[in-house]
């Protein structure tokens, strides 16, 4: 079926279906929904609907299917790969009004939430009863759980605690045919059939609409301790990381800043960092106090054995916060330098980290671009960050070429084009290359089977069976975490 | 990152009511994708301009500047134009607040009205019913004008020794003079809180500064700048620069957050004005909020000063006074000043600073917002009062006349019996050896 664009009649009928207060369509309302956290990518929808219940989601999906209208699902719009950028003149389905915590089950250590609940609320509610929801994506104060599941978001604790997927026990999903599927349950062990819930984790709104989520929680760690190690050479830092892993220590956080990031952070936050250093590692261990003390002592020794010129262990929480600020200030410090900040997330096996960081540096030099790298070194997830200006076309062209080279290198090293931001539209062109023919065909088959009319987030992640003629391809000017400054 | 800090987004959950949505709209206008429509102008009016988003922004986006220009653009487009709106804007922005003497006459008239019982009579006789509806709502909110305006309370130049005299001590015991600063008296502050100006002068004197307070001062232009009248704001900035001998001054000090966040940007406002550009730069370099200034220069502790001033066995209560601090948006977000006022308060003996939930969340005053957007303003005020009630202070301290009036009204209407005071007033009382409340 050919996809149509939303007409005034459609808007009226959707308003009748959901109530007028649940539908927006004015021009001034469409512009702010024209983008997500990936600026320099925009497309105006024709209407935004705000269902309050699963039944209302079903009603919208049924209506859209009958009318052949594409739906782009959205939470808070903080994604970094263009996944929630609307379909031109299509429907945006915003799930923010489904924001209730349905159950906190302290006997099974689970929390059942509606899809629009803000991530931080899950984390806070768990903490209130001594439980722990580990994933902490950078936007957790804003992002929704539905968005986190759809993008399979990561964070600073991936090394020890994994990513969102590892905490999803069950999902309620509205499928493109309007049926409501319940996937998973509260059982720790469950091998009945395919793990269908996992199909929807990281599906970026292309397979179904996640309406409820059953989350797994952990006991709150009793203690945590933080340290920082400074290196003259980046290689020595990378070797330290390998040695820590080889010593069978899994700290909860193992973060890295390169030379350029260190200088920027010091300019911005005035922390008195050694500006001639080639790399800094910020490490945190959590768990039983004795185990933590042991781990920190062992890692301190490993760092010194691997040519760290300085190692600091925080004496208390206040000092720990200071050390963590070094890492937290990385993005704000870099984002101030140029109008556009493009945060990438190429990821490689940990053994290849030094090679990858070195390659990014060379690529920056080759194209005469400003690229700073920081990231989650413990899990191989780097954030090469391009500091550029989206209005400078010549420079943006170089940025695209440099991107392509970095992605290709990541793939060649056995890595991935995206460790935690998703494919969306930003990295769609590189997906086939990473997957290879057979697995890409499988991916395509999944999309074609589950969304045969290509209604759900068409054109994202992978092309559906009927690419819409009315949808102009999104031009990729780069992904920026914040809107470019206007002044 | 800005979304959860935005009071209007918090209320509606709609992107257009968020900082990033508004920037999206501004950008669409800049890119020619949208005209300055009525809906756009209304959106810019709905934004409080509290700048909480500026504090939250990891990338340092200058929303304050974007927002001022957007309001100016909305104003210039005339999409909200109506005879009534034009009249009120003319009366306030162009007539009253461009003429300091006229403003004082009006203040004087209002004082007479309030003191002679005419106001009471007018209210009791049902006179308010004769007012147009928008004034009928506002009439009971009219704040009380001070007995004396600033120029009757502070002489044009005072020295630390003068404060000694007022305290009945020998002039020689005054602390050594550190230099000279100018005090901005403000418009609302002058009319309704000239006592705060007196207190600010006393604090500066106690800290060893000579205080220059020109008796006629123009409005700093923040009202105009924040409400889309940039040309008038420029005119007023020039008047201001002409009033003060900048080269003699260590600082130009303000005690009103709203003024401070505007007048620190004279350099940008007059950046293209060849005659004033240089002076504007100097001005921006030395413009200081009072708390910021005290913090930078090192605060003379009240205990030490009272020894100098021979007030050790004063009436100063040994009991502690619970004080909660509400952060004015244009202090914490507009100027990034959060710790210095707390340090001022914590330096006061007998004062116990208690935690206030959401201390930096807007109270709904937001310049003229409580007049233009009464419904949203009231919601924010209720929220603020709820948190104040929970903190159980004896005094609510805040450093902006708009917040002061708004919160005072909110507390009165909720039947909460506690005082609203400027942090500097508490400090001044402590220096003078008076009881805090």
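Where a number appears in this text, it was derived from the coordinates with a stated rule and is not lab data. Keep in mind that this is a model prediction, so the values were computed, not measured. Here the Cβ is made from the backbone with ideal geometry for all residues, glycine too, and neighbour counts use every protein chain on show.
Give the calculated FRET efficiency between residue A:401 and residue A:165 to the nearest 0.05, with a Förster radius of 35 Å applied to their Cβ-Cβ distance. Please report the intermediate quantities before stating the final value.
Numbers: r = 33 Å, r/R0 = 0.93.
Efficiency for this residue pair is about 0.60.
Only bridges with both residues in the protein assembly as shown count here: give the DSSP antiparallel percent, nearest 5. Walk me through the intermediate numbers first.
On the way: 64 of 92 bridges.
That works out to approximately 70 percent antiparallel.
What FRET efficiency would be calculated for the residue pair residue A:275, residue B:389, taking the C-beta separation as r and a Förster radius of 56 Å, to the nearest 0.05? Working shown, then result.
On the way: r = 50 Å, r/R0 = 0.89.
FRET efficiency, residue A:275 to residue B:389: 0.65.
Over chain A, DSSP H runs of length four or greater, each weighted -39,500 (n - 2.57), average out per residue to a 222 nm ellipticity of -10500 deg cm²/dmol. Shown is the FRET efficiency for residue B:301 and residue B:81, computed with R0 = 51 Å from the Cβ-Cβ distance and rounded to the nearest 0.05: 0.40. Under a Gaussian network description of chain B, with springs only between Cα atoms under 10 Å, the residue in B:185, B:177, B:200 that fluctuates furthest is B:177. Taken along the Cα-to-beta-carbon direction at a fixed 7 Å, the label points for residue A:179 and residue A:242 span 5.1 nm. For region A:146-196, the square roots a ≥ b ≥ c of the C-alpha gyration tensor eigenvalues yield an a/c of 1.5 or more together with a/b not exceeding b/c, which makes the shape oblate.
Using a 10 Å cut-off around each Cβ, can you sort A:56, A:344 from fewest to most neighbouring Cβ atoms? Before the final figure, lay out each step's value.
On the way: A:56 21, A:344 29.
Ranked by crowding around the Cβ, least crowded first: A:56, A:344.
Ordered from longest to shortest, the equivalent ellipsoid semi-axes for the protein assembly as shown are 52, 35, 26 Å, each the square root of 5 times a Cα gyration tensor eigenvalue. Under the criterion of Cα pairs below 8 Å and six or more residues apart, the relative contact order for region B:289-437 equals 31 percent.
The relative contact order of region B:205-258 comes to 31 percent, based on Cα pairs under 8 Å that sit 6 or more residues apart.
Round to the nearest 10 and give me the degree value, 0 to 90, for the angle of helix B:19-30's Cα axis relative to the longest principal axis of chain B. Tilt of helix B:19-30: around 50 degrees.
Using alpha-carbon pairs under 8 Å, 6+ residues apart, how would you state the relative contact order of chain B in percent?
On the way: 704 pairs, mean separation 64.8, N = 437.
Relative contact order here is 15 percent.
Where both bridge residues fall in region A:1-146, DSSP classifies roughly 50% of the beta bridges as antiparallel.
Spatially, region A:111-156 and region B:248-273 are offset by 43 Å when compared through their Cα centroids. Averaging Cα coordinates gives a centre for region B:320-379 and one for region B:412-437; these two points are 14 Å apart.
As a proxy for reagent exposure, A:261, A:325, A:363, B:254 were ordered by neighbouring Cβ count within 10 angstrom, fewest first; the result is A:325, A:363, A:261, B:254. Modelled spin labels at residue B:412 and residue A:463, positioned 7 Å past Cα toward Cβ, are 7.0 nm from each other.
Listing B:382, B:289 from fewest to most neighbouring C-beta atoms within 10 Å gives B:382, B:289. Helix A:8-18 and the long axis of chain A differ in direction by around 80°, with both axes built from C-alpha atoms. Ellipticity at 222 nm from helices only: DSSP H runs of n ≥ 4 in chain B, each -39500 (n - 2.57), divided by the residue count, give -14000 deg cm²/dmol. The fraction of all Cα pairs in region B:295-437 landing in successive 5 Å bins from 0 to the largest distance is 2, 10, 20, 21, 18, 13, 8, 5, 2, 1, 0, given as whole percents. Can you tell me which of B:125, B:301, B:18 moves the most in a GNM of chain B? Springs connect C-alpha atoms under 10 Å apart. Of B:125, B:301, B:18, the Gaussian network model singles out B:125 as fluctuating most.
Under the simplified labelling scheme, the residue A:392-residue A:188 pair shows an inter-label distance of 5.5 nm, with each label point 7 Å from Cα along Cα→Cβ.
What does the C-alpha gyration tensor say about the overall shape of region A:318-389? Classify as rounded when a/c is under 1.5, otherwise prolate if a/b is larger than b/c, or oblate. Write out the running numbers ahead of the final one.
Numbers: a/c = 2.39, a/b = 1.12, b/c = 2.13.
Verdict is oblate for region A:318-389.
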